[in-house]
Amino acid sequence: MTPSGTMSKYNLLRYSLFCFTGIRYNRSFILSTKHQRHFRAISHEINWAQSLETASSTGAKGDKRQVSILSWNILSQHLFDSTPEWYHYVSKDAPVSWPGRLPRILDEILLWKADIICLQEVEFTAFDDLQHVLHCEGYIGVMQSAKKRTGDNPYGVATFCRRDKFAVKGTFHHSRTMLSLLEDHDQNIIAIVNCHLEGNPKKSATRVKQLHNILQESARTIHHDIIICGDFNCILNDSASSAYLMKSCSKYKDIYEWGRLVDRCVSDIPPHPYSFQSAYPMNILHEAPLDYVTFVSSPHRYVSGLDQIWYHDLNNSVSVRALKHPFLSPDQRKHILESGLPSIHHPSDHLPIGCILEWKSDEKRENLCVYPTDRVYNEMDAHDLNKAASNLLESFPFDTPEQKGEFLYIIRDINNNAHRESLSKDEEIRKLRDQRQRKKILFSEIPKEKVKDLEKIIKLLKRANSNHNADR
């Protein structure tokens, strides 16, 4: 969680959850321990991981098919120290200083042996402490730029990956998010988005814009897979952010978040070009919410589904092999929910989440870049450019099938050299004029922010045709 304005870290969240009256929200997500008996303690359909160590770490055949990720908000020391009124319940025996909490944070991280580690609320001064130990354990890390901090907050996000599995090809820093491009031994590049979204419960649109901005950034880079994880400060499948990632934001559909009706202006935020799936199943929040508790504040108060992991999967080529359970045992869960966090053995108020993803094929995957920069254009062949245009077209939210049909007519001849050559000069001129006029009418019916994506599709197709002709 994060502060907003002059309010402390959890004021707004607690206010939105427990002080609103007469406002609709889903109570299954925020429960006291006396209600636990109404829910299944364990979700039997899920393969809960005993470790996030993948085949690559053990040297087994087929290792390149699996990638594991651990995500955890480790609790900024500054936030803990500056809001003592919210941690009055913490035992006097609990380590509350950074030197006391650091070893426990590292123990938890190293216990799971993940390929990729995404941390939130990492103080800029604390990153070196984490980096020093994790480097000795085979990881390389990158810290979000201090220039992208929110206000005077002395923390950001940090991403680490195994040096024997990935090379860091680049990083991009935005407000509340960081994109890291990690290349494996087969030259597949995974885009990792580490996020700690806006903490004010009322600012649903801001969270969506933060996702939009970083996904626009990723779409301009060469990459073959993308994973988003972190502290979303909103609940999985019950928020505008989830609706945006699942492309279900609509001006005709009501979205409730933290008990409030979200302003339908979120439907005007341009869509992303990906097909995201949540690693944790949506139904777990209703059928077994105790199996997805990610944030515990004071005793008996907790939230399920606040921390999340999403991955792109257009053709059912990715599967979730295992998920990390937030608790190691029912006894540990009972103790944590009754005592609150942080505690003697648990150094943060969030619980780490994680998963192992597996790709069906070891072959080099399709490039997902759809908004290439001039530099990236030069690295893409005609096939990649056409694929980028196809992905962008497939994800574009036309209002009606007729709009899509009209756009397909407008672009049909860009790469169809044979058809153009079959036309007489007069026929070609008449057709071009007709297409331009219909393009002008179509674009006048679509919001300007979204027209940019259609123009990008045309540019990609023209560039692909130019590259193809140059190779002939």
Return yes when SER361 is closer than 29 Å to PRO271 by Cβ and in contact (Cβ under 8 Å) with a residue 12 or more places away in the chain and no when it is not.
yes
Report, by residue number, each residue of the range 173-196 that is on the phi > 0 side of the Ramachandran plot and under 14 Å from the mean Cα position of the chain (by Cα).
ARG176
Residue tally, condition within 18 Å of the chain's Cα centre (by Cα), within 19 Å of PHE295 (Cβ to Cβ) and among the aliphatic types (A, V, I, L, M), over the range 336-359:
2
Do we find a residue being in contact (Cβ under 8 Å) with a residue 60 or more places away in the chain, open to solvent by 20 Å² or more (accessible area, probe 1.4 Å) and not polar (S, T, N, Q) anywhere in the range 168-183?
no
Among the residues in the range 240-257, are any in contact with a Ser or Thr (Cβ under 7 Å, 6 or more places away or on another chain), in a loop (DSSP other than H, G, I, E, B) and buried (at least 24 other Cβ atoms within 10 Å of the Cβ)?
no
If you go through the range 268-324, how many residues are in a loop (DSSP other than H, G, I, E, B) and among the β-branched types (Val, Ile, Thr)?
1
Here's a check for you: in the range 109-159, which residue that is surrounded by 18 or more Cβ atoms within 10 Å (Cβ to Cβ) and acidic (Asp, Glu) is farthest from ILE190 (Cα to Cα)?
GLU123
Sole miss for SER390 among (1) under 25 Å from ILE269 (Cα atoms); (2) not in a helix (DSSP H, G or I) is condition (2)
Working only within the range 184-200, note down all residues that are open to solvent by 10 Å² or more (accessible area, probe 1.4 Å) and part of a loop (DSSP other than H, G, I, E, B).
ASP184, HIS185, ASP186, GLN187, GLU198, ASN200
Answer yes if at least one residue in the range 369-383 is open to solvent by 50 Å² or more (accessible area, probe 1.4 Å), modelled with pLDDT of 80 or more, over 22 Å from the mean Cα position of the chain (by Cα) and of a type in the set (S, T, N, Q), and no otherwise.
no
Taking the range 394-452 only, how many residues are over 30 Å from the mean Cα position of the chain (by Cα), charged (D, E, K, R) and surrounded by 15 or more Cβ atoms within 10 Å (Cβ to Cβ)?
5
ARG207 is checked against (1) touching a helix residue (DSSP H, G or I) at 6+ places or on another chain (Cβ under 7 Å); (2) open to solvent by 10 Å² or more (accessible area, probe 1.4 Å); (3) closer than 30 Å to LEU181 by Cα; (4) charged (D, E, K, R) and fails just one. What number does that condition carry?
(2)
If I ask for residues that are within 25 Å of ILE222 (Cβ to Cβ) and over 19 Å from the mean Cα position of the chain (by Cα), which ones from the range 148-168 would you list?
ARG162, ARG163, ASP164, LYS165, PHE166, ALA167
Quick check on LEU106: is it modelled with pLDDT of 95 or more and open to solvent by 10 Å² or more (accessible area, probe 1.4 Å)?
yes
Looking only at the range 321-335, filter to residues that are open to solvent by less than 50 Å² (accessible area, probe 1.4 Å) and within 27 Å of the chain's Cα centre (by Cα); which one of those is nearest to SER91 (Cα to Cα)?
ARG333
Tell me whether the range 340-359 contains one or more residues that are at pLDDT 90 or above, closer than 26 Å to ARG65 by Cβ and part of a loop (DSSP other than H, G, I, E, B).
yes
Quick test of your reading of the structure: ALA146 fulfils all but one of (1) among the small types (Gly, Ala, Ser); (2) over 22 Å from PHE327 (Cβ atoms); (3) in contact (Cβ under 8 Å) with a residue 40 or more places away in the chain. Name the failing condition by number.
(3)
Test: SER51 is open to solvent by 10 Å² or more (accessible area, probe 1.4 Å), of a type in the set (Ser, Thr, Tyr) and either under 24 Å from TYR292 (Cα atoms) or modelled with pLDDT of 90 or more (or both)
yes
Mind checking which pairs have a first residue in the range 251-270 that is on the phi > 0 side of the Ramachandran plot and a second that is open to solvent by 90 Å² or more (accessible area, probe 1.4 Å), Cβ under 8 Å, 6 or more apart or different chains?
TRP258/LYS202; GLY259/ARG24
Among (1) buried (at least 24 other Cβ atoms within 10 Å of the Cβ); (2) part of a helix (DSSP H, G or I); (3) under 11 Å from the mean Cα position of the chain (by Cα), the one test that HIS212 misses
(1)
Residues within the range 165-181 that are touching a helix residue (DSSP H, G or I) at 6+ places or on another chain (Cβ under 8 Å) and closer than 10 Å to ILE140 by Cβ, tallied:
0
Within 18 Å of the chain's Cα centre (by Cα) and open to solvent by less than 10 Å² (accessible area, probe 1.4 Å), is that true of ASN233?
yes
In the range 407-424, the residues that are modelled with pLDDT of 75 or more and within 18 Å of SER390 (Cβ to Cβ):
PHE407, LEU408, TYR409, ILE410, ILE411, ARG412, ASP413, ILE414
One residue is enough: does the range 219-236 have a residue meeting the conditions assigned to a helix (DSSP H, G or I) and on the phi < 0 side of the Ramachandran plot?
no
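The values are calculated or read from the model by the stated rules, or taken from the named source; none is laboratory data. For clarity, every value in this text was computed on a predicted model and none was experimentally measured. Please note: Cβ atoms are built from the backbone with ideal geometry, for glycine as well, and neighbour counts cover all protein chains shown. SASA here: full protein model, heavy atoms, side chains in, ligands and nucleic acids out. Shrake-Rupley method; radii C 1.70, N 1.55, O 1.52, S 1.80 Å.
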